[in-house]
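Visitor: Structure provided below as C-alpha cells; questions to follow.
Laboratory data are not the source of any read-out in this text; all were calculated from the coordinates shown. Everything numeric here is computed off the predicted structure, so don't read it as measured data. We place every Cβ from the backbone using ideal geometry, glycine too, and count neighbours over all the protein chains shown.
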Amino acid sequence: MTSHTEERAYRWPRRYVFAATVVLIVALLVLPFVA
Amino acid sequence: MWLIYLAVFIFLAVAYVTYLTVAVPAAAMVSFAIYAAGMPIAYLVGLEKVLAARPPGLPAPQRWPKQPPGADPAVLEYFYGPAIADADHAVRVGRDHCQALWDAGAKAVRQSFTGKNRKLTGPLGVGGAVGMAAGTAAGALVTLVFAVIHLLVVGVSALVIRATGTVLRGVDSALLAVKNVRMVCPYCFERVPYPAYACPGHGCTRRHRDVRPGRFGILRRRCQCGAEMSTLLLLGSSHMAAYCPHPGCERSLEHRPGEAPEIVLPFFGATGAGKTRLLLSMVTQLHQWTGQGKLTAEFGDSATARELNIAGHLLRSGQSTVGTSVNLPRAHVIRLILKRGTRILQLYDAAGERFYNTDRTQELTYLSKARTFILVVDPLSVEAFWRQLPADRQARLGSVRSAAPSPDLAYQQTHQQIEAMGVELSRSRLAVVFSRADLIGIPGGDVAAWAGSELGLGNLVRSTSQNFRETRYFRTAAVMDSDGSVHESVAALMRWVLARDGVDLPGAAS
C-alpha cells in the first residue's frame, strides 16, 4: 500500500487523470450523435 | 378423446416453441446487454476507486515503482511510474468486478439447468450463456478502448510533464549561466553543479542531493516526511538550508549559493608576508563602506563571522595576526550587495607553508576556480632590500619581518600548480601586493620598477607579467589611518581585483 505522504501527493494528479479519462470517454460516446 | 389430447399436445408444443423462440433470444439479448455494458462499467468503477475515491478496502496494488538505491528521500512524481502502476491497479480492480459479474452469470446459468422448472428456465440459461459470451467479447472490446484512453491520458500527461521538467531545468541552468553563477564549495573547493538541500519540514533531517525538476517533482517535490520543497533556484530553493552535494563533504553552505555570482579570490605568498592582515584590512574596508551606506557587505556564514568579526578591532589595535593554520583553509565568505547586483566573495587565505611544497599546494584545488589571484610579498623578507636598511630600522622592523624563503619560491611553486590544475593563465589576472608600505614608506612612481630596482625582484616582475594576462603591482598598508579609516591603498587594490567581475566599488571614479 502506498504511504500517507504518497496518497496526499498523488491525490490531485489521480483526480486529474480520472477526470480527463472520463471526459474523453464521454466525448467518444457522444461524438457519433453530434457528428 | 384422443383428439382432445392431441390438440392439447399441439397447443403446448406450439406454446413451448413460441416460448423458446422468444425467451432464448430475449435472454441472450439481456445477457449480452448486461455484459457488454457491465464490463466497461466495472472497469470505470475500478478506475474511480483507484483514482478518485480510494476507499479503505481498496486492495493494494500488485506493482509499485521502487526507488533506486541511494535516491533522494522524496516521493516519486506521479507521472514517473505511479501513474502506470495505477493503470495496472485499475485494470486489476475492474477485472475483480467483472469476475463477480461472470460468477453471478455462471451461477444463474447453472441454476437454470438444475431447478424444478428447468424445462422453462433451461432455455433462458442457454440464451443467457450465449449472450454472456457475446456480451463479454463486446464488453472486453469497449473496456479495452477505455483502458487505451486512460493510458493515452497518462502517456500524454507524462510526456508533457517530463518535457516541462526538461525545459525548466534548462531554463534554470541557462539563467545561472547568464548570471554567471558558478558555485564552489568553500570547504572541499569542488564545483557545485547544484546545491543539495535539507528538508524544510519540522524535525525532518533528510537531505535532497538534487532537487531540480525530474522524477521527484517538476515545480515542487515532496519529502518523504510530507514537506514540500522548491525544485528550482528560480522558484526560491536558495532559501532552504543548502549543503555541498559532494559525498564526503556535505557541509552546510550557509551563504545561499546560486543567488549571485561567486568570486573566488585566493591569497598566496610566503609565510608572514601579510596575507591575513591584508584580508582583514579588506574586510574592514568593506564594513566601513557598509557603515557609510555605499554598499552592503555581510558575512556569508557563521564561521566567517566568527573569524572575521574582530578584523576592525585587530587592525585598529595594531596587533599582529596569529599565524595561519597549515590545515586546509576554508573560504571566508562575504556577501556583497551593490547597486548593480550581489556578489559572493570567497576569500581563501592558506598558510604560507603550503606554497613551498608541491603536495600541499596541490591540495589547494580552489586555485583552479579563481580567475584573479593575489600574491602578497613582504619587501622586508627580500634579503637585498633588508641589507640596505640602516641598522636602527632593521632593529625596529626585525620583529615583523617575514623569515620565510624568497617570495620567488612561493610564486613559482604556486604558479606551476595553478597551471597544472588547468587554469589558463593567459586569461587570468594577478595582483602582486607588496605589503608593509606603512613601515617602509610609499614612494611614488611605478611599483614594478621599484620592485625591480629596490627589491631586486626583476625576475619575479618579468615572470608575473609574462605568465598572466594582466598583472598589476600594488603597495599596501594594511593599517588604519589616524581618522580610523583603512589606508586608501587597500581600497585601490580591491577596486582593481574586483573590477573584472563587474563590482563597482566606491571611489572607482576618482
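Visitor: Would you mind telling me which numbered condition in (1) in contact with an Asp or Glu (Cβ under 8 Å, 6 or more places away or on another chain); (2) loosely packed, with under 15 Cβ neighbours inside 10 Å B:P61 fails?
Guide: If we test B:P61 against (1) in contact with an Asp or Glu (Cβ under 8 Å, 6 or more places away or on another chain); (2) loosely packed, with under 15 Cβ neighbours inside 10 Å, just (2) comes out false.
Visitor: Would you pick out the residues in region B:309-330 that are out of contact with any helix residue (DSSP H, G or I) (no Cβ under 7 Å at 6 or more places or on another chain) and either of a type outside the set (A, V, I, L, M) or surrounded by 20 or more Cβ atoms within 10 Å (Cβ to Cβ) (or both)?
Guide: Once the filter is applied, which keeps residues that are out of contact with any helix residue (DSSP H, G or I) (no Cβ under 7 Å at 6 or more places or on another chain) and either of a type outside the set (A, V, I, L, M) or surrounded by 20 or more Cβ atoms within 10 Å (Cβ to Cβ) (or both), region B:309-330 yields B:N309, B:H313, B:R316, B:S317, B:G318, B:Q319, B:S320, B:G323, B:S325, B:N327, B:P329.
Visitor: Still on this structure, I have one more. Return the only residue of B:L151, B:L120 being away from chain A (no Cβ under 14 Å), part of a helix (DSSP H, G or I), touching a residue at least 60 places away in the same chain (Cβ under 8 Å) and farther than 13 Å from B:S31 by Cβ. Working first, answer last.
Guide: Details: B:L151 fails: away from chain A (no Cβ under 14 Å).
It is B:L120.
Visitor: Within region A:15-27, count every residue that is facing chain B (nearest Cβ under 7 Å) and either under 16 Å from B:P56 (Cβ atoms) or not charged (D, E, K, R) (or both).
Guide: Qualifying residue count, region A:15-27: 6.
Visitor: Would you be able to tell me the number of residues in region B:159-172 that are more than 10 Å from every other protein chain (Cβ to nearest Cβ) and either closer than 25 Å to A:V22 by Cβ or surrounded by fewer than 16 Cβ atoms within 10 Å (Cβ to Cβ) (or both)? Let's see the steps before the verdict.
Guide: In the first step, residues of region B:159-172 are kept if they are more than 10 Å from every other protein chain (Cβ to nearest Cβ); the result is B:159-160, B:162-172.
Okay, now just the ones that are also either closer than 25 Å to A:V22 by Cβ or surrounded by fewer than 16 Cβ atoms within 10 Å (Cβ to Cβ) (or both), so B:159-160, B:162-164, B:166-167, B:170-171.
Going through region B:159-172 one residue at a time, the tally reaches 9.
Visitor: Has region B:272-295 got at least one residue that is farther than 20 Å from B:E488 by Cα and surrounded by 15 or more Cβ atoms within 10 Å (Cβ to Cβ)?
Guide: Yes; the residues of region B:272-295 include at least one that is farther than 20 Å from B:E488 by Cα and surrounded by 15 or more Cβ atoms within 10 Å (Cβ to Cβ).
Visitor: Output the number of the condition that B:A37 fails; it satisfies all remaining conditions of (1) over 22 Å from A:A19 (Cα atoms); (2) among the small types (G, A, S); (3) within 12 Å of another protein chain (Cβ to nearest Cβ); (4) surrounded by fewer than 19 Cβ atoms within 10 Å (Cβ to Cβ).
Guide: All conditions are met except number (1).
Visitor: Do the conditions hold for B:A83, that is, is it in a helix (DSSP H, G or I) and over 28 Å from B:Y35 (Cβ atoms)?
Guide: yes
Visitor: Of (1) over 30 Å from B:C223 (Cα atoms); (2) within 21 Å of the chain's Cα centre (by Cα); (3) of a type outside the set (K, R); (4) surrounded by fewer than 20 Cβ atoms within 10 Å (Cβ to Cβ), B:L338 satisfies all except one. Which?
Guide: The one condition B:L338 does not meet is (2).
Visitor: Go through region B:281-305 and report how many residues are in a loop (DSSP other than H, G, I, E, B) and within 25 Å of the chain's Cα centre (by Cα).
Guide: Number of matching residues: 2.
Visitor: Residue by residue through region B:436-491, note down the ones that are in a helix (DSSP H, G or I), touching a strand residue (DSSP E or B) at 6+ places or on another chain (Cβ under 6 Å), without any contact (Cβ under 8 Å) to a residue 60 or more places away in the chain and not small (G, A, S).
Guide: B:V447
Visitor: Out of region A:1-24, which residues are touching a Leu at 6+ places or on another chain (Cβ under 6 Å) and charged (D, E, K, R)?
Guide: Matches in region A:1-24: A:R14 only.
Visitor: Could I ask something else about it? Pairs under 7 Å by beta carbon, first residue on the phi > 0 side of the Ramachandran plot and away from chain A (no Cβ under 11 Å) in region B:77-88, partner part of a loop (DSSP other than H, G, I, E, B) and of a type in the set (S, T, Y), six or more apart or different chains?
Guide: The qualifying pairs do not exist here.
Visitor: Can you tell me how many residues in region B:198-252 are more than 16 Å from B:G170 (Cα to Cα), in a loop (DSSP other than H, G, I, E, B) and more than 14 Å from chain A (Cβ to nearest Cβ)?
Guide: 16
Visitor: What residue, among those in region B:402-459 that are more than 40 Å from the chain's Cα centre (by Cα) and aromatic (F, W, Y), is nearest to B:S489 (Cα to Cα)?
Guide: Applying the filter and picking the extreme gives B:F434.
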